[in-house]
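To start, the structure itself, in structure tokens.
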Amino acid sequence: MSIAQIKNLQRRLGNLEQEAIAEVTRACGHELWQSLGFDALDAIEDPDRRARANYYYGQLQVVRELSDVIG
């Protein structure tokens, strides 16, 4: 993979990470989930919001794992 491709991938992963963070925060209604982790998502009473938060939290984990691999 060329340097330009890696930089482009890092930029796109950064955009996905920011989107996922924003969506989990929106679903939770606060930013405390960032310090509490996955357990904060289970406390969401509305099943639709909880499902959305879990989806984006999973996306966030994948993005962070990929970012770690490519550096």
In degrees between 0 and 90, to the nearest 10, how far off the longest principal axis of the chain does helix 47-70 point, with axes built from Cα atoms?
20
Taking the Cβ-Cβ separation of Asp46 and Leu9 as r and a Förster radius of 35 Å, what is the calculated FRET efficiency to the nearest 0.05?
0.50
Carbon/sulfur fraction of accessible area - the chain, other protein chains in place, 1.4 Å, %:
53
Tell me which label goes with the value of semi-axes √(5λ) of the Cα gyration tensor in Å computed from the coordinates here: [x] 36, 14, 8; [y] 30, 21, 14; [z] 28, 10, 9.
[z]
Averaged per residue, what accessible surface does the chain expose to a 1.4 Å probe, in Å²?
69
Hey, what angle do you get for helix 3-28 against the long axis of the chain, alpha-carbon based, 0 to 90 degrees rounded to 10?
10
Defining a contact as two alpha carbons under 8 Å apart and six or more residues distant in sequence, what relative contact order in percent does the chain show?
39
Note to self, the chain gives a 222 nm [θ] from helices alone (DSSP H runs n ≥ 4, -39500 (n - 2.57) apiece, / all residues, nearest 500) of -26500 deg cm²/dmol
Exposed-loop cut sites defined as GluC sites (Glu not before Pro) in DSSP loop states with at most 16 other Cβ within 10 angstrom; longest site-free run of the chain spans 1-30
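The values are calculated or read from the model by the stated rules, or taken from the named source; none is laboratory data. All values derive from a computational prediction rather than experimental measurement. Quick reminder, even Gly has a Cβ in these numbers, built from the backbone with ideal geometry, and neighbours come from all protein chains shown. Side chains are part of the model used for accessible areas, which takes the heavy atoms of the whole protein and leaves out ligands, DNA and RNA. Shrake-Rupley method; radii C 1.70, N 1.55, O 1.52, S 1.80 Å.
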